[in-house]
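Working notes, structure below.
The values are calculated or read from the model by the stated rules, or taken from the named source; none is laboratory data. Note that the structure is predicted; figures quoted are calculated from it, not measured. Cβ coordinates were reconstructed from backbone atoms using ideal geometry, including for glycine residues, and neighbour counts include every protein chain displayed. Ligands, DNA and RNA are stripped out before the accessible areas are found, and what is left, the full protein with its side chains, is counted by its heavy atoms. Shrake-Rupley method; radii C 1.70, N 1.55, O 1.52, S 1.80 Å.
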Amino acid sequence: MRKVGYNPKYFISRNPGATCERWDKHYLLILLLAKSGRKRHIARSFFTSFESDPDGVIEDWRASLESIRQQLIDSLRTNEDFMAALRSLSELAAGYGGEADAATRYLDQIGTYLDDVLSASSTDQVCGALAALATTKGGRTNMGSKKVFGGHLEDLRKSYIIVSVTVKALPIDILTINLDPGSPAMEVTLDLIRALYTTYSSFERYVEQEKRKMGMIDYTDMIDIAYRTIQAHPSIGDILNKRYRFIMVDEFQDTDPVQNGIILKVLSFGEENPKKLFVVGDPKQSIYLFRDADVTQFKQVRDTIERWGGEEIPLDENFRSTPSIINFVNGLFGRIFTDTGNPWDFSYERICPIKKRERDLGSVELIFTPEGKSSLLSAILEFESLARGIRHLVRNGEKVVYWDEEGEHLDAPRAPTYRDIALLIETRTHLLYLLSALSKQEIPFRVHGGIGFYQTEEVIDLFNVLSFLCNPSDDIALYGVLRSPYFGLSDADLFTISKGRGEGLYNHLAASRDDRMQRHTSILSGWLDEVRRLPPSILLQQIIDDTDIFLVYSALPDGIQKIANLEKICEYVREKEHLGFYTVDQLVRDLTLLIDNEEKEGEAEPESDEDVITVMTVHGSKGLEFPIVWIPRLSESMGNNSDPIKVDYSLGLGIKIPSMDTDGELETSPPLSLIDYINRQKGFAEYKRLFYVAATRAKDHLILSGTVIDPDRVPENPNEYTSRMQMLLGHLQFGIPEEGESYDFQGIPELSLRVSRVKWGDGSSFTAGQREIIVPKEIDTRSFNDLKQYSPTAERSERTFSPTEIELYLLSPVEHMEKYIRKIPDRQSLEASILEKRPWTEGQILHEIFSGIPPESVLRSRGLPVKREDIEHYQSLYERFRSSPLVRESDQNYVEFPFLIQLEGFRIQGYIDLLVHNRDGWAVIDYKTGKPGNEGKYDLQMALYKMAAESITGEKVKIYVYFTETNEFIELNPDIEQFRKIIYTSCSEILKVETS
């Protein structure tokens, strides 16, 4: 920026969730505009037009606004129910105005507005009246009295409801936009655009100069230069036109305006009506709006070809799906897709199956899952149900498929395998929870779609930091940390401090006399002291603060994205902490799972010989097909794009401006409101198309799922739907079954849909249709601050204790003081653990493997050699444990189950290795390495686990210690009352020592 004479005044906040507290608004807008990439030629054209004819630009905005407003008014005036209600209220206002009651006063307020909507010819006047009707207070659904309105009371209330619901659904921002150049908001907008033009022009020239120096162009340049070249040099277009007898464009629905412009420009140099252009595409599958694909180009080119004497040939045969799926798609999307007159909307054209598939038996099923206390908990509960459903489907061969492993059609169907199933998700927001649910049910999977969020450099660097803190012997992680932007050491630095020997890197770093290395050691040592004491979110904040990593990233070209990615990790950790007790070790295990599976997705495409289900985004699934497709999260609301700057092909530039009312805040400028409205319409149309693409990936069976919603809250107007579940309920008009019930919906001819609802109750098994699914009890998500509300005793301290700390205090108060109070690191133990493999390391490895993480991933994350014999050894231990009757016969099991209880006024937190339920009731299983002997030393820990588990389940719980070496389960029966006293005494004494 400074090279082009622009000096930004900003600083980067260290607070996750508020990256930029104050920044020069021009600087941020320019930066975001530079990121617009493929639309920079539109920005350039807009700035050129604005400089030469600003009044013309404003007039274009006004014309667009007038067109949108007129379309809204026409739509309302053709709505017979709405117009009848308006007339009724207008007549009532004329006959019952006055001060008789609240209803008459309300009618007095809106009388003029009603008349304007009914009869005014000015668009501005009608829109102003509609906005006033939507915002005027005083009306109620039960307003008025029989005494005043007599027989007209029912008409009053009914008309009010119709008018109120209709006008409140209108886009108020569009009704109230003021594009007058003299208005305060427009004055600021125009001034800011002028300033942006000056700075952006300099910025663009500088970037182009640097690219020319390096002899580089980017993908946008390739398209942009081609378009400008043909436009500036007609002879080139003429040569291209003569060279090609025919031009065919496949997947035309994914074309953007510039690409389409190149094609039409080339054709313009030939005969007046060239019959040489063929386009193939399906506008219902246009799902790349975020890449600037513009489905409106499809309709424009279709009209152009017909004007040239060409024709449209529908391809209505579906070679992929069973009749049941096709009938469902026709029945649903024939109602969802309607041509509203907007260039981005298309009518639906029915499809039919090929003869070879007419006798194949398929199915469509909709599963309602329980609603949690939050969107996240609802997602977790749905994924639990989904995973159990998939396991049951494969193990019981419930849905047959008609394809062999090579994709060839079978005359006789076969039982399904995991590789036949695809889970299609729209975003990766809750991917971790989905994968966790699959792992818990031992369902193999591959996440497809290229390197994703968890493979970005900044996430890997943070993962290395946390891996080292959890296991200081992990030299590989420490190498990554020291070479990362957190510390910035070179390979030469690392070779020097390690003295050429790789092992014991932390010891070598600590022994270095170099001042810089001593500073690094001090930072790492501080983190090691706190890793087991601080909540993960606070530890992450300390890491960010100590290293100024946000400031470091802010200097990088993609720094804002890197900062946003770190904030996403921080937000994820805060969500996990809100759900219950969460540790750094659990965070490392979660990240290990995600990173490992994203590495898999980079290694192979979904077509594989491995028997794994495919997890991928809907965008990634386009062009693919699967025997069984499951589409979850149908109840999730459609997202919004809140970028402060947008570039539109027809309207140019829209920006946020400094607020007229609140200092330091941003508000939407009038042109941006206009662009936002159009983008919302386009976005909603694509939201429907994404659903269509996902549903039509299924060959034999389609399964849909989502959280239960209230049917009474489904809007009557389809344009107001906010989720795909609302689309299903609103368009198909079927009922939601009772918990545990299911039925076959056949309310629409030819459409068959199995509707099931998961039962939510006491944690026991339930059925949805014919499939058994298990849902856990809802975990108590109350925070630390809520403890007093349900604790049986008053809180004695905000201090939180763990079973490990209490055990250490009882074993050696001196060691406890050094570790937990004086915070003196146990250097001798640390050095020993780095130099040789200790039993505690073996225990950590087994705990992670027994939680479902593949042995290879665990060994790699620990920086240990990945040997085939070790993998086979650990896998055999895990399989032996899972095959034991206590585990094998369980109908519910929860790995690494977190708990937070209050005992005698003290907070105790930890997590249970495995909590299972079978026909004999609940049981806690704790893993121990080695052989049985002196089990009494575990009594205190087991007593705490027993009290926690019984508090959570509300039932009696048995306690078992499992010895991995001998495959033995030892049941323990600790004296709970005795240990209550011991825990109370120990915690009280620890507090006294800390206080003194």
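Of note:
- Rounded FRET efficiency, nearest 0.05, which uses the C-beta distance separating Glu51 from Asp870 and R0 of 51 Å: 0.15
- Full-stretch length increase - Arg87, Thr304 - with 0.36 nm per residue and alpha-carbon distance subtracted: 73.8 nm
- Spin-label model distance (nm) - Glu889 vs Phe495, 7 Å beyond Cα toward Cβ: 6.2
- Region 453-597, relative contact order in percent, only Cα pairs under 8 angstrom and at least six apart counted: 27
- The simple spin-label model puts a point 7 Å past each Cα toward its Cβ; for Ser122 and Ser525 those points are separated by 7.8 nm.
- Of the trypsin sites (Lys or Arg not before Pro) in region 901-959, the ones in a loop by DSSP (not H, G, I, E or B) with at most 16 other beta carbons within 10 Å are Arg919, Lys956.
- Neighbourhood net charge (13 Å Cβ-Cβ; Lys/Arg +1, Asp/Glu -1) for Arg574: -2
- Neighbourhood net charge (11 Å Cβ-Cβ; Lys/Arg +1, Asp/Glu -1) for Gly480: -3
- A simple spin-label model places pseudo-atoms 7 Å from Cα toward Cβ; at Glu950 and Gln518 they are separated by 5.6 nm.
- Modelled FRET efficiency - R0 41 Å, Asn396 with Leu624, Cβ distances, 0.05 increments: 0.95
- Peptide packing for 978-987, 710-719 was compared via the average number of neighbouring C-beta atoms within 10 Å per residue; ordered from the highest value, the list is 978-987, 710-719.
- Averaged over its residues, region 897-941 has an accessible area of 34 Å² per residue, based on protein heavy atoms and a 1.4 Å probe.
- Cβ-based net charge around Leu811, under 12 Å, with every Lys or Arg adding one and every Asp or Glu removing one: -1
- Convex hull per residue volume in Å³, alpha carbons only, for region 61-176: 85
- Mean separation of Cα contacts under 8 Å (6+ apart) over length of region 162-316, as relative contact order %: 18
- Accessible surface of region 61-176 [probe 1.4 Å, protein heavy atoms]: carbon and sulfur percent: 48
- Mean Cβ neighbour count within 10 Å, used as a protection proxy, ranking 330-337, 519-526, 177-184 highest first: 330-337, 519-526, 177-184
- Residues whose placed amide H lies under 5 Å from that of Leu366, excluding near-sequence neighbours: Leu704, Arg754, Val755, Ser756
- Distant-in-sequence amide contacts of Val279, defined by a placed amide H-H separation under 5 Å and a gap of 5 or more residues or a different chain, comprise Val249.
- Counting only protein heavy atoms and a 1.4 Å probe, region 61-176 has 50 square angstrom of accessible area per residue.
- Pairwise Cα inverse-distance average, inverted: Kirkwood Rh of region 614-740 (Å): 17.4
- Additional length obtainable on full extension of the chain from Arg212 to Leu810, 0.36 nm per residue less Cα span: 208.1 nm
- Globularity index of region 453-597 is 1.03 (Cα radius of gyration / 2.2 N^0.38 Å, N = number of residues).
- Normalised convex hull volume, region 218-313, alpha-carbon set, Å³ per residue: 95
- Contour minus Cα-Cα distance for Leu361 and Asn142 (0.36 nm per residue): 73.6 nm
- Computed in the context of the full set of protein chains, the accessible area of region 453-597 at 1.4 Å probe radius has 53% of its extent on carbon or sulfur.
- In Hz, Karplus ³J(HN,Hα) per residue of region 242-256 (6.51, -1.76, 1.60; θ = phi - 60°; x = Gly, Pro): 6, 5, 10, 6, 9, 10, 10, 10, 8, 6, 5, 5, 9, 7, 9
- Using C-alpha pairs below 8 Å separated by at least 6 residues, the relative contact order for region 342-419 is 17 percent.
- FRET efficiency, 1/(1 + (r/R0)^6) with R0 60 Å, evaluated for Thr78 and Met222 via beta carbons: 0.80
- Accessible solvent surface per residue of region 683-732, calculated while the other protein chains remain in place, 1.4 angstrom probe, Å²: 29
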